[in-house]
Amino acid sequence: CIASGMDDYMAKPVTLERIAEMAARWLAPGIVERLGPSPWSVPPQKTQKTAQVIAAPSDEAPPIDMKVLALAIASDDPEAHLRILQMFHEAFLEIQTRIDQALVQGDHKALREAAHAGNGAAGNIGAGQLSSALKQLELSAADEDVKMIGEHHRHALNLGQDVLRAIEALEADA
């Protein structure tokens, strides 16, 4: 981006908080202060439903961080969260199929692309552990490291199932 003449860029995942930080960096001094506090700086309220999904033992991260999701879609509406999570559920099943097909075919490029898509989708809904595991799978596929591909695939598959179960629990409570 910089090489093509742009002054700045933002890598994924793009969040409203990061957009606000970048805007503050590029806007005239003092303008951000005159605009007042960002509406995104207040954490979203948790409902009973979201509290159940984000509850996890203190030594492990929840499968879905609802704060990340709320910031990503700029809404603390539980119904909006559920719709986005349902879309992720459907899309992730397709991504899993693509990953499995690429593994069977030994197609490292297709595996890398599918893992990359899953990494971005998981990061956007606040499934940080799944996103990280898929990033590792993507890197292993790029390196064509068959041993690590197997390990990262198993790890991502387990984390993916945790995320899908969390979404299904939300759907059951809706």
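The values are calculated or read from the model by the stated rules, or taken from the named source; none is laboratory data. In this text the structure is predicted, and so the values were computed from the model without any measurement. For neighbour counting, all protein chains shown are included, and Cβ atoms are generated from backbone atoms with ideal geometry for every residue, glycine included. Heads up: the accessible areas ignore ligands, DNA and RNA and are worked out on the full protein's heavy atoms, side chains in. Shrake-Rupley method; radii C 1.70, N 1.55, O 1.52, S 1.80 Å.
Annotations
- Per-selection Kirkwood Rh - the stretch 77-116 (Cα, Å, 1 d.p.): 11.0 Å
- Protein accessible area in the stretch 110-169, 1.4 Å probe - carbon and sulfur %: 50 percent
- For the stretch 54-174, the calculated P(r), taken from all Cα-Cα distances in 5 Å bins from zero up to the bin holding the longest distance, is 2, 12, 23, 23, 17, 12, 7, 3, 1 percent.
- Alpha-carbon gyration tensor eigenvalues x 5, square-rooted, for the stretch 97-147, Å: 19, 11, 7
- Projected label distance in nm at ALA169 and GLU151, using a 7 Å step from Cα toward the beta-carbon: 2.9 nm
- Between the beta carbons of LYS12 and ALA91, assuming R0 = 22 Å, the FRET efficiency works out to 0.90 to the nearest 0.05.
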